Amino acid sequence: MKLKVVPLLLVILLLAGCAETTGGENDATYRQITMSEAVEMMASESDYIILDVRRPDEFSAGHIPNAVNIPNESIGADEIDELPDKDRLILVYCRSGNRSKQASEKLVRLGYTNIVEFGGILDWKGEIEK
């Protein structure tokens, strides 16, 4: 009798574990793409925000045209007034790609649903605005 209960319990535990990992709010994440994919996306999409998460001094030294500057360090638990639409496409970059990944994770935790991280301005081959 005991031997029949053990496999049944194992099956129940496995199914319970699968149920928790197959969906839900905690599965939200951001997409990571290459710089060339980002350039293609900027050319084909129309309603997006380019988000530069570097410090203000870095931003003023040169940034991707039309980018909005919200430093990674300032993204926390509070709502972001400059980004009111949480479903809008937001393309995130920094200098090399480290802070943009951190900022993308924070944005997802704040409820943003369409975050695309594309690395750093060091790889940007296009125009730079000052």
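The values are calculated or read from the model by the stated rules, or taken from the named source; none is laboratory data. Values in this document were obtained by computation on a predicted structure and should not be read as measured data. Here the Cβ positions follow ideal geometry from the backbone for every residue, glycine too, while neighbour counts run over all protein chains shown. Ligands, DNA and RNA are excluded from the accessible area calculation, which covers all protein heavy atoms including side chains. Shrake-Rupley method; radii C 1.70, N 1.55, O 1.52, S 1.80 Å.
Tabulated results
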{"quantity": "Selection status of residue 60, among the hydroxyl-bearing types (Ser, Thr, Tyr), at pLDDT 50 or above and in a helix (DSSP H, G or I)", "calculated": "yes"}
{"quantity": "Inter-residue pairs, beta-carbon under 8 Å, first under 14 Å from residue 54 (Cα atoms) and in the range 116-130, second aromatic (Phe, Trp, Tyr) and open to solvent by 40 Å² or more (accessible area, probe 1.4 Å), 6+ apart", "calculated": "117/30"}
{"quantity": "Every pair of residues 6+ apart whose Cβ atoms lie under 8 Å, when the first sits in the range 46-75 and is of a type in the set (Gly, Ala, Ser) while the second is open to solvent by 60 Å² or more (accessible area, probe 1.4 Å)", "calculated": "60/130; 61/130; 62/128; 62/129; 62/130; 67/129"}
{"quantity": "Some residue of the range 105-119 being of a type in the set (Gly, Ala, Ser) and on the phi < 0 side of the Ramachandran plot", "calculated": "no"}
{"quantity": "Conditions (1) among the charged types (D, E, K, R); (2) over 18 Å from the mean Cα position of the chain (by Cα); (3) at pLDDT 95 or above; number of the one not met by residue 4", "calculated": "(3)"}
{"quantity": "Residues that are open to solvent by 70 Å² or more (accessible area, probe 1.4 Å) and not β-branched (Val, Ile, Thr), drawn from the range 102-114", "calculated": "102, 105, 109"}
{"quantity": "Qualifying position, being at pLDDT 95 or above and in contact with a Leu (Cβ under 7 Å, 6 or more places away or on another chain), among 110, 83, 51, 122", "calculated": "51"}
{"quantity": "Residue within the range 17-31 that is under 23 Å from residue 123 (Cα atoms), modelled with pLDDT of 95 or more, buried (at least 16 other Cβ atoms within 10 Å of the Cβ) and of a type outside the set (Phe, Trp, Tyr) present", "calculated": "no"}
